[in-house]
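The values are calculated or read from the model by the stated rules, or taken from the named source; none is laboratory data. Computed from a predicted structure; not experimentally measured. Glycine also receives a Cβ, built like all others from the backbone with ideal geometry; neighbour counts cover every protein chain displayed.
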């Protein structure tokens, strides 16, 4: 999958968050979108995934050389972000099985294996509302990385993680994101050490 932004810009009221953004994200490559808090990293990520419109410019999606309609691109993209909520009344197992109905998992995993990889076996039948913040972040990360998508978007993926959680994050990226486009939005270098291309929001102010 290729995602191309041409002269894209986003504003709130009269303030431009970014403008004249020209860039092509290519299949199988890893990118980091960096910048200070409030610089527009998360906004750009939401424009890329189609959940937020750009005020100017164009965004095109192509899969295997064919243009993909914007209204169907969600099928090819998964995202982990602090502002996305989990269904906390569900148990972990229930949530993963529910999520799978809308976004199938990679063919090499199922709910049971995902729970084991996350190290959350003891919480399989616990309601998510009783999880710690770090446990919830593991679940958010899992629903993005284990979804069978061509593009994985990660917005501050190590939020609420301790050292063990950060190690898990990098292991999941290494094991399950090869040959997939990965875009990380972060101002913490340890979250995007594996990224080959670095984009700085200050370049589009």
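Within the range 44-69, the set of residues being surrounded by 13 or more Cβ atoms within 10 Å (Cβ to Cβ) and farther than 21 Å from residue 184 by Cβ comprises 55, 56, 57, 60, 62, 63, 68. Does residue 6 satisfy the condition of being in contact with a strand residue (DSSP E or B) (Cβ under 7 Å, 6 or more places away or on another chain) and in a helix (DSSP H, G or I)? The answer is no for residue 6. The set of residues in the range 42-57 that are under 21 Å from residue 79 (Cα atoms) and either touching a helix residue (DSSP H, G or I) at 6+ places or on another chain (Cβ under 6 Å) or not in a helix (DSSP H, G or I) (or both) comprises 49, 50, 51, 52, 53, 54.
Every condition in (1) more than 30 Å from residue 25 (Cβ to Cβ); (2) in contact with a strand residue (DSSP E or B) (Cβ under 8 Å, 6 or more places away or on another chain) is met by residue 145 except one, and the failing one is (1). Answer yes or no: is there a residue in the range 180-196 that is more than 19 Å from residue 34 (Cα to Cα), in contact with a strand residue (DSSP E or B) (Cβ under 9 Å, 6 or more places away or on another chain) and surrounded by 12 or more Cβ atoms within 10 Å (Cβ to Cβ). Within the range 180-196, one or more residues are more than 19 Å from residue 34 (Cα to Cα), in contact with a strand residue (DSSP E or B) (Cβ under 9 Å, 6 or more places away or on another chain) and surrounded by 12 or more Cβ atoms within 10 Å (Cβ to Cβ). Of the candidates 86, 154, the single residue that is at pLDDT 95 or above and farther than 24 Å from residue 32 by Cα is 86. For first residues located in the range 2-21 and on the phi > 0 side of the Ramachandran plot and modelled with pLDDT under 95, partners that are assigned to a strand (DSSP E or B) and surrounded by 14 or more Cβ atoms within 10 Å (Cβ to Cβ) and lie 6+ apart or on another chain with Cβ distances below 8 Å do not occur. Out of all the residues in the range 76-103, which are surrounded by 19 or more Cβ atoms within 10 Å (Cβ to Cβ) and either without any contact (Cβ under 8 Å) to a residue 12 or more places away in the chain or more than 24 Å from residue 181 (Cα to Cα) (or both)? The answer is 92, 95.
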